[in-house]
Amino acid sequence: MMDYDVIVCGAGIGGVSAAIASARSGARTLLVEQYPRVGGTGVHSPVGLICTYFDRAGRYINIGLHKEFFPDLYEGPPQGCWSYDERELLERYETLIAAEPLLTVRTSLGVAACGRSDGRIDRLTFTDGTVATAHAYVDSTADGNLSALAGAAFQMGRESDGLLQPATLTFRAGPVDLRAFGIDEWRSWASVTQIWDQLKDLYLASRAAGKTTNPNGGGVLAIPSRDGTSLLFNHTRVHAVDPTQPDSVQRAYAAALRQVDELWEAIRPHPAFAHARITHVSKKLGVREGRRIIGEYLLTEQDCLGEARFPDMVAACGYAIDIHNPQDGTTRLVGIPGSGYYHIPYRCLIPKDRTNLLLGSRCISGTHEAHSSYRVMAPVSAIGQAAGTAAALVARDRLQDVRAIRLDQLHTNLRRQNQFVETMS
Ligand SMILES: Cc1cc2nc3c(=O)[nH]c(=O)nc-3n(C[C@H](O)[C@H](O)[C@H](O)COP(=O)(O)OP(=O)(O)OC[C@H]3O[C@@H](n4cnc5c(N)ncnc54)[C@H](O)[C@@H]3O)c2cc1C
């Protein structure tokens, strides 16, 4: 039986942030990931864009580990439109992890079962049969898999019908000639949407001819690599995917793969692709939404659009409400007004009736609508960093309940890690 101060399950951006923050806060930390390598969605199902990490005044609101993952983002004024390279991101994760003496990483290892009593996790059993214990646990599995094993209550999908946002299989093609889109310098929304609009005509023509099963009715979301030599496509859409059911994910992957071929056939006549081919199809299906664990506070769309401020804020989010419709091909995008950001309170990271578990990824407590905003990498990194830091404090002080933490200490520790923290007088 292995014993740690903190165990973090899932190594996407939330879990990597949680584990590094926990180890840096002095906790002997185990990070467990079912895939052979860390990285989660942002690496193994690359998504292309860095979404808003600053407020309307241009002030950074997601800093901390996010800045260490994407340092060049913070070199000049905030970038509204910035892509990243998933291989560089993986390398950075692995380098930062290797620098932490208190952090142990085990990959190709899933959490299979969870021993518990009175709302308290007392051990985890992994897929290889080994067992580990910790004083505090962080669920960074995105879909709330650990919390579900621990018996936490959760919601899935829209309140009205339980339907989830569609899943997407991303792929990359290159070499592309961006000049064929009329673009010399692509680093602006105007130039990227020029690509989307030109490809949209080709895609919609193929759709009208019945040549695709893709329900997406919008422009072809294609994101140029930083050097402008390839495009990452985030356009396929498969509805009714339940990420908690492996069969459902497998079926969706096959359907999305078909859409990849259909899309490529439709758009490849564009002169930008004269010498291009598909160079990479993600091995992992991109899942936007899964379980949302019910916590001590449920963040709502009103909180997001009302620029909510909370005394127990531990993270901030400036990204829009972004709902890819669970039933049709439309997308609802509503920016955060005013200051351009809202707070995420510590209470959203605490599952109801659980005492030594924290949420450190997109599975925090919020509605379908609120989740559509904070699910992107910049706020998820901040959420993970807050959960890992809090778990380490809980372990250090041998607290019996994550609710007993001293908020002023959590804020101080997050500030020390260069994270954006706003306290209310
Ligand atoms: C198609 C698509 C496009 C997107 N576009 C953008 C974008 O442009 N910009 C942006 O910032 N964000 C985007 N996002 C959102 C963003 O990529 C993810 O929401 C975010 O990366 C989630 O991070 P996470 O750490 O919560 O989860 P993940 O990165 O999904 O990591 C969860 C990890 O937990 C592991 N895991 C699960 N269960 C277990 C278990 N039982 N045991 C061990 N390990 C387990 C998984 O293998 C996985 O590695 C997009 C998402 C999708 C799907």
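Only four residue types carry charge here, +1 at the Cβ of Lys and Arg and -1 at the Cβ of Asp and Glu. Report the dipole size of the chain about the Cα centre in Debye, rounded to the nearest 20.
Numbers: 43 positive and 45 negative charges, 57 e Å.
Roughly 280 debye, rounded to the nearest 20.
Any idea what the dipole of segment 250-324 comes to, in debye rounded to 20, about its Cα centre with Lys/Arg Cβ at +1 and Asp/Glu Cβ at -1? Numbers along the way, then the final one.
On the way: 10 positive and 10 negative charges, 115 e Å.
So the magnitude is around 560 debye.
On alpha-carbon atoms, Rg over Rh for the chain using Kirkwood Rh? It would help to have the intermediate numbers written out before the result.
Numbers: Rg = 20.9 Å, Rh = 21.7 Å.
Using only Cα positions, Rg/Rh for the chain is 0.96.
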Study note, to complete from the structure: Computed about the Cα centre, the charge dipole of segment 57-100 from +1 Lys/Arg and -1 Asp/Glu charges at the Cβ has a magnitude in debye, to the nearest 20, of 280 debye
Study note, to complete from the structure: Over all directions, segment 355-425 yields a Cα convex hull whose mean projected area in nm² is 5.3 nm²
Practice item. Would you work out what percent of the accessible area of segment 275-343, with all protein chains in place, is carbon or sulfur (probe 1.4 Å)? Key: 53 percent
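If you take the square roots of the eigenvalues of the alpha-carbon gyration tensor of segment 20-101 and sort them as a ≥ b ≥ c, do you get rounded (a/c under 1.5), prolate (a/b over b/c) or oblate? Please report the intermediate quantities before stating the final value.
On the way: a/c = 2.38, a/b = 1.45, b/c = 1.64.
It is oblate, given that a/c is not under 1.5 and a/b is not larger than b/c.
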Check your understanding: So, counting K/R as plus one and D/E as minus one, what does the shell of residues with Cβ under 12 Å around TRP264 add up to?
Key -> +2
Exercise for review: For LYS211, list the aspartates and glutamates whose Cα falls under 18 Å from its own Cα; do not include residues on the same chain fewer than 8 positions away.
Suggested key: ASP201, ASP261, GLU262, GLU265, ASP328
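Heavy-atom accessible area per residue, the chain, 1.4 Å probe: how many Å²? If you can, show how the numbers build up before the last one.
Numbers: 16340 Å² over 425 residues.
Normalised by residue count, the accessible surface of the chain is 38 Å².
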**Study point:** segment 1-67: C-alpha gyration tensor shape, a/c 1.5 cut-off, then a/b vs b/c
**Key:** oblate
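Counting only helical runs of four or more DSSP H residues, what would the 222 nm mean residue ellipticity of the chain come to if each run contributes -39,500 (n - 2.57) and the total is spread over all its residues? Show your work: numbers first, answer last.
Numbers: 11 runs with 125 residues, N = 425.
For the chain, the value works out to -9000 deg cm²/dmol.
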Exercise for review: Give the peptides 254-260, 241-247 in descending order of average Cβ contacts within 10 Å, highest first.
Suggested key: 254-260, 241-247
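The values are calculated or read from the model by the stated rules, or taken from the named source; none is laboratory data. Note that the structure is a prediction, hence the values are computed from the model and not measured. Reconstructed Cβ throughout: ideal geometry from the backbone, glycine too, with neighbour counts over all protein chains shown. In case anyone asks, the SASA skips ligands and DNA or RNA and just uses the protein heavy atoms, side chains included. Shrake-Rupley method; radii C 1.70, N 1.55, O 1.52, S 1.80 Å.
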